[in-house]
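Undergrad: The structure under discussion is supplied below as structure tokens; questions concerning it will follow.
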Amino acid sequence: MKAHIRSSLAALAAPALLAALSVPAANAADAPSNRPQVVIAIGNSESMDGDLTGAIMTGSGQLPADRASLVSSSSPQTYKVPSGFTPPLDAGSNGVAPYTVARDGGLLDNSASRLNIAKAGIAAVVRNYLDSIDFALASYKGDDTGAYDSWVYYLPPDAKGFVFTNQPTSGKRYVANPCYQFEAAGSSKVVAANCRAIALSYGKDDAKLLDGSRYLEIGISSDDHDVNDVMLHRPGIPAVIENYGKTVPPTPYPPNFKIHDYNKNQVKLGYERSVPVGFAMSMTPTNAGYIPYSPRALFVQRGFGYVVNAAPDAAATVVPMTDGAGQADKTLAPFVAALAPETNDPNNSRTGEIKAMAVQSPLAGLVQGAGQLFGKGPFGDCPGRELIVVTDGLPTEDLSGDYWPPLGSAAGQGYAIHAGFYGIAGDAAHGIVDEGNNMPAGAVPGQIDLSSTNDQALVDTIERIQALRKQGIRTFVVGMGAGVDERANPAAYAVLTAMAIAGGTGHEYPANSAKAFDDAVEVIAARIKACELPPPPLGSVYFPYDRYVILPNYRDNHAHILAHFKYMQAHPQAHAVLQGNCDARGSREYNLALGQKRAEVVMKALEKMGIAASRMEAVSYGKEHPRAQGSSQAAWAENRRTDVYYPDSSGTSAQAVPLN
């Protein structure tokens, strides 16, 4: 029942990946003996099969013939290739590529998944820096139990149920109806039978709508960033299944369940009835903390995926640490195999590529296990030992194996999960405790306050990162996708930033595009090679309209200020010029005064953190130096800022280089 491709290394690896990892053999032989060591730890939870917005499309477009008509709805064959991404197996044409490539009787993932984006960026970094850096590769630890089939699921817009139509209404949400014209000759056998059963359960008029309507109005999709899920099941069940009736219990939150139930994976919610009969689903929380509990749910087959309960306190050694010796092609070979696209092998063998398969996110165990892959020292800051954690979610499993709802999610709110971060204002809607006025001596803005955090998975992760830091190992954090985007979940950004602070690197690297991921790992590797502390990734501090008070959670302000503090702390000769700016509204004189206040408030924040005032200068440009042109709200928001410049040694601002 499991499928994998039994093939040689060259056949398994993607052409683009092989090219990225092609290195002349002489490079490794010429490498110096005293080299930095880098472990790249990939949090390969199931959600990593999702694209950057959350849709898990692995295997899409390659269903069996008796279900193949779903290519018009739930299982499309092709996608528009996002900017900066090269599909690993088949680049397609005219900007469109297949989700899945069939080869040797098996299926390979060609989608723009987070995992494929990460694999490509990591492959490029290994190829570019293996002559000067030793690398190891780690992932979650769990036994591959074989591929499952996957189903996308949809929930209705309200308690009345799904709405079928040929005339979409503006402001409402629709997907392609998987049962459209199911009685027509072109409909697949299984799909037609499943839709016929669903139609018989409806009234006469609704049955006609089911067959005759192109669109299905929905409220929630498992493709949404805060769901980021598919239903996985062994082959042999219907392609289209509707569950309905009361969910048992009514919701997956208290008072029906307690946090202890969540910890022990005892939160389970099922539907009373199903069409076809006998397939009422019972579901448990994903690593996004989500379980559907609306009056109806429609499950429609899409592709394939994997399920593994990963070890809570260990990591898998995917590739052990290289040693700078030997032929480069042999050194690269295990990376080629590990970073190949995910497969579904009909021969039931175990292919060695990293798969997105962990049900939860035991990041503490990943960090702890990855820390054991470094070779013996001595190590100082240069060359150093560096851990790069790649994740698309928050810690959701602690070292003892207990599950925890992710901070800021609906489940996190339902179970009252909270965390505090020094100097960060409260955000009750996302579980962030108000610590805007709490800044103990020695703390920095954004550092986690463990005493006000009740999420043990998060606490364990921070403490494991801190333990590595005491051993001289720094931790970089790269956050992928919408699920950890500050705009979607401020708590996620706060958590990943707190992890980076604990690891001595100051800020997370957000990767919401393929280029952003490639840039992030490239910058990290270049700085490791050059033995540089990370300078600020962004230079500006932003302000709401007509205000000069710093709001830490507004436009990543706390991370920007912290980054500048760390940079100036690490470069005692650096002098900063803080330039206040305003949008185009208001008089010249008013904006010059407001811009000066904006510059001075950032200067005072840095001074309070320990940077001498003599090393900073506050000036105002008012509305004279707009970064964005035009009179839109977006342009005005971009222009309300304080830029931080570091002039060259001559001290002239004309040669200053902005950090953003």
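The values are calculated or read from the model by the stated rules, or taken from the named source; none is laboratory data. Remember, it's a predicted structure, so these values are computed and weren't measured experimentally. In this analysis, Cβ positions are derived from the backbone assuming ideal geometry, glycine residues included, and neighbour counts consider all displayed protein chains.
Undergrad: From I465, I473, grab the single residue that is among the hydrophobic types (A, V, I, L, M, F, W, C), under 24 Å from V38 (Cα atoms) and modelled with pLDDT under 95.
TA: Selected residue: I473, the only one of I465, I473 that is among the hydrophobic types (A, V, I, L, M, F, W, C), under 24 Å from V38 (Cα atoms) and modelled with pLDDT under 95.
Undergrad: Filter segment 221-237 for residues that are over 23 Å from T53 (Cα atoms) and either touching a Cys at 6+ places or on another chain (Cβ under 8 Å) or in contact (Cβ under 8 Å) with a residue 12 or more places away in the chain (or both) and give the result.
TA: Passing the criteria: H233, R234, P235, I237.
Undergrad: Name the residues in segment 240-263 that are over 23 Å from V359 (Cα atoms) and either assigned by TED's automatic domain parsing to the domain that holds D398 or part of a loop (DSSP other than H, G, I, E, B) (or both), would you?
TA: Those that are over 23 Å from V359 (Cα atoms) and either assigned by TED's automatic domain parsing to the domain that holds D398 or part of a loop (DSSP other than H, G, I, E, B) (or both): P250, P255.
Undergrad: How about segment 463-486: which of its residues are farther than 30 Å from D223 by Cα and either among the hydrophobic types (A, V, I, L, M, F, W, C) or assigned to a loop (DSSP other than H, G, I, E, B) (or both)?
TA: Scanning segment 463-486 gives I465, A467, L468, Q471, G472, I473.
Undergrad: Let me ask something additional. Does segment 389-399 contain any residue that is in a loop (DSSP other than H, G, I, E, B), surrounded by fewer than 24 Cβ atoms within 10 Å (Cβ to Cβ) and touching an Asp or Glu at 6+ places or on another chain (Cβ under 9 Å)?
TA: Yes; the residues of segment 389-399 include at least one that is in a loop (DSSP other than H, G, I, E, B), surrounded by fewer than 24 Cβ atoms within 10 Å (Cβ to Cβ) and touching an Asp or Glu at 6+ places or on another chain (Cβ under 9 Å).
Undergrad: Looking at T453, T475, T497, which is the one that is polar (S, T, N, Q), surrounded by 21 or more Cβ atoms within 10 Å (Cβ to Cβ) and without any contact (Cβ under 8 Å) to a residue 40 or more places away in the chain?
TA: It is T453.
Undergrad: Now for a separate question. At least 3 residues that are surrounded by 20 or more Cβ atoms within 10 Å (Cβ to Cβ) and over 27 Å from the mean Cα position of the chain (by Cα) in each: list the strands (runs of 3 or more DSSP E) lying fully within segment 264-336 that qualify.
TA: Result: 269-275.
Undergrad: Please go through (1) among the acidic types (D, E); (2) at pLDDT below 95; (3) crowded, with 20+ Cβ neighbours inside 10 Å for E242 and return the number of the only condition it doesn't satisfy.
TA: Answer for E242: the failing condition is (2).
Undergrad: Looking only at segment 570-588, which residues are in contact with a strand residue (DSSP E or B) (Cβ under 7 Å, 6 or more places away or on another chain), farther than 22 Å from W636 by Cα and not in a loop (DSSP other than H, G, I, E, B)?
TA: The answer is A576, V577.
Undergrad: Continuing with this model, one more query. For segment 63-94, name all the residues that are buried (at least 20 other Cβ atoms within 10 Å of the Cβ), under 22 Å from G106 (Cβ atoms) and touching a residue at least 60 places away in the same chain (Cβ under 8 Å).
TA: Answer for segment 63-94, where residues must be buried (at least 20 other Cβ atoms within 10 Å of the Cβ), under 22 Å from G106 (Cβ atoms) and touching a residue at least 60 places away in the same chain (Cβ under 8 Å): L63, R67, A68, L70, S74, S75, P87, P88, L89.
Undergrad: So which residues in segment 344-396 are at pLDDT below 95 and hydroxyl-bearing (S, T, Y)?
TA: Matches in segment 344-396: S349, T351.
Undergrad: Every residue in segment 456-471 that is touching a residue at least 12 places away in the same chain (Cβ under 8 Å), farther than 21 Å from N44 by Cα and either basic (K, R) or in contact with a Pro (Cβ under 9 Å, 6 or more places away or on another chain) (or both), please.
TA: The one that is touching a residue at least 12 places away in the same chain (Cβ under 8 Å), farther than 21 Å from N44 by Cα and either basic (K, R) or in contact with a Pro (Cβ under 9 Å, 6 or more places away or on another chain) (or both): R469.
Undergrad: Let me ask you something else. Suppose the filter is buried (at least 23 other Cβ atoms within 10 Å of the Cβ) and not hydroxyl-bearing (S, T, Y); does I56 pass it?
TA: Judged against the criteria, I56 is a match.
Undergrad: Further question on the same structure: If you take the residues in segment 246-257 that are exposed (fewer than 15 other Cβ atoms within 10 Å of the Cβ), at pLDDT 90 or above and in contact with a Phe, Trp or Tyr (Cβ under 8 Å, 6 or more places away or on another chain), which one is farthest from A416 (Cα to Cα)?
TA: Across segment 246-257, the extreme among qualifying residues is P250.
To keep it simple, each residue is scored yes or no on (1) of a type in the set (S, T, N, Q); (2) assigned by TED's automatic domain parsing to the domain that holds V275; (3) not in a loop (DSSP other than H, G, I, E, B).
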site: L137; (1), (2), (3): no, no, yes
site: A159; (1), (2), (3): no, yes, no
site: F164; (1), (2), (3): no, yes, yes
site: P168; (1), (2), (3): no, yes, no
site: V175; (1), (2), (3): no, yes, yes
